[in-house]
Amino acid sequence: MFILQPGTADLRFPPVELASPEGLLAVGGDLGAERLLEAYRHGIFPWFNAGQPILWWSPDPRVVLFPAKLHVSHSLRKTLRQKSFEVTLDSAFRDVIQGCAHPRRKYPGGGTWITPEMIEAYCVLHERRLAHSVETWREGKLVGGLYGVALGNAFFGESMFSQKADASKVAFAHLVRQLDDWGYDFIDCQLPSNHLFKLGAEEIRRRDFMSRLEAALQRPNRSGRWCFDTNVVKP
C-alpha cells in the first residue's frame, strides 16, 4: 500500500499498474488543487467515506462513455422533447456539488462520500475553470445536476443528483451532446453502474484508458466559464 504525505511538494503517484485488484492505488495525501490535477492526469481519482483517510483509485477495467455513443431511451427522449427543465452550465457549481453530497440510502448510515473537504477542493478547481457543473431547473428551483473535471479533451464525471424524475439524466444528455459538439474524446465514468450502462457507458481496459487519456491531454483546456452553444441539444 502506498502512503502519500500531505502538504509536501512531491505530488507524484505510483504507477497505476500497481493498484490492487479492486483499483486502490494509494492512501493519504491531501485534496490540494495541484495534487487533484496530478491525479486526474494519471488516471487516478479520490473516493472515500467520511472518517476514512483519502483513498486514491485507478480501477481496471475503467468505465467510459464516448459522446457519440450516448444512448437516449424513449422515455428520456420524450422528456427532452417536453422541455420541462431549463438546463444551464456553470451557473451554480457549489449548489450542485452540495446537492450531490446529500445523504443517500446506499451509503452506510445514509452517509455520503462528498465530504466538506471534498466540496471545497472542487470549488477551488471550479474557480480555476477546470471543474464544471450542469444544472437542471424547474420553476426557478435547482432540481438536479452533475459536476466533473475537464482537462484537455477529457471530462471526468464525478457525481450527479436528482430531485425530480429524469433531472440528472437530462443534465447528462445535454452535457454529453455539448461535449460531442466540442470534440471531446470521452467522459470518464470511473466505476460501473447499471444507470451509466443504460446511457451508453462501457468498460475498457485500463491500459486502453491510459492511452486515450494521454492523447486527450495533448489538447488545450477549454478556457473560461462554460455555456451551451445555441441549439446544440436536440430531442
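Each value in this text was obtained by applying a stated rule to the coordinates, not by laboratory testing. Not measured: the values here are computed from a predicted model. In this analysis, Cβ positions are derived from the backbone assuming ideal geometry, glycine residues included, and neighbour counts consider all displayed protein chains.
Above 31 Å lies some portion of the pair distances; for the chain, what is it as a whole percent of all C-alpha pairs? Don't skip to the end; give the middle numbers.
On the way: 4917 of 27495 pairs.
Counting pairs separated by more than 31 Å, the tail of P(r) holds 18 percent.
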Quiz item: Which percent of Cα pairs goes in each bin when the distances of the stretch 27-167 are cut into 10 angstrom slices starting at zero?
Solution: 10, 37, 37, 14, 1
Quiz item: Karplus couplings for the stretch 4-17 from phi (6.51 cos²θ - 1.76 cosθ + 1.60, θ = phi - 60°), rounded to Hz, Gly and Pro as x?
Solution: 9, 9, x, x, 9, 6, 7, 9, 5, 10, x, x, 5, 5
Exercise. For the stretch 120-235, compute Rh as the Kirkwood radius over C-alpha pairs and then the Stokes-Einstein diffusion coefficient at 25 °C and 0.890 mPa s; write the answer in µm²/s, rounded to an integer.
Key: 163 µm²/s
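Can you give the charge dipole size of the stretch 2-60 about its Cα centre, rounded to the nearest 20 debye, using +1 on the beta carbon of Lys and Arg and -1 on the beta carbon of Asp and Glu?
Values: 3 positive and 7 negative charges, 18 e Å.
Once rounded to the nearest 20, the dipole reads 80 debye.
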Practice problem: Round to the nearest 10 and give me the degree value, 0 to 90, for the angle of helix 206-216's Cα axis relative to the longest principal axis of the chain. | Solution: 70 degrees
Quiz prompt | On Cα atoms only, tilt of 116-127 relative to the major axis of the chain in degrees | solution = 70 degrees
Quiz prompt | Helical mean residue ellipticity (222 nm; -39500 (n - 2.57) per DSSP H run of 4+; nearest 500) of the chain | solution = -8500 deg cm²/dmol
Quiz item: Where does the charge balance sit around residue 31 when Lys and Arg score +1, Asp and Glu -1, over other residues with C-beta under 12 Å from its C-beta?
Solution: -4
Exercise. Quote to one decimal, in nm, the extra length available between residue 123 and residue 10 on full extension: 0.36 nm per residue of separation minus the C-alpha distance between them.
Key: 38.4 nm
Exercise. Can you tell me the order of 133-146, 68-81 when each peptide is scored by its average per-residue count of other Cβ atoms within 10 angstrom, highest first?
Key: 133-146, 68-81
Quiz item: In whole angstrom, how far apart do the alpha carbon centroids of the stretch 72-92 and the stretch 1-41 sit?
Solution: 36 Å
Quiz prompt | Per principal axis, descending, Cα span of the stretch 4-96 in whole Å | solution = 51, 30, 25
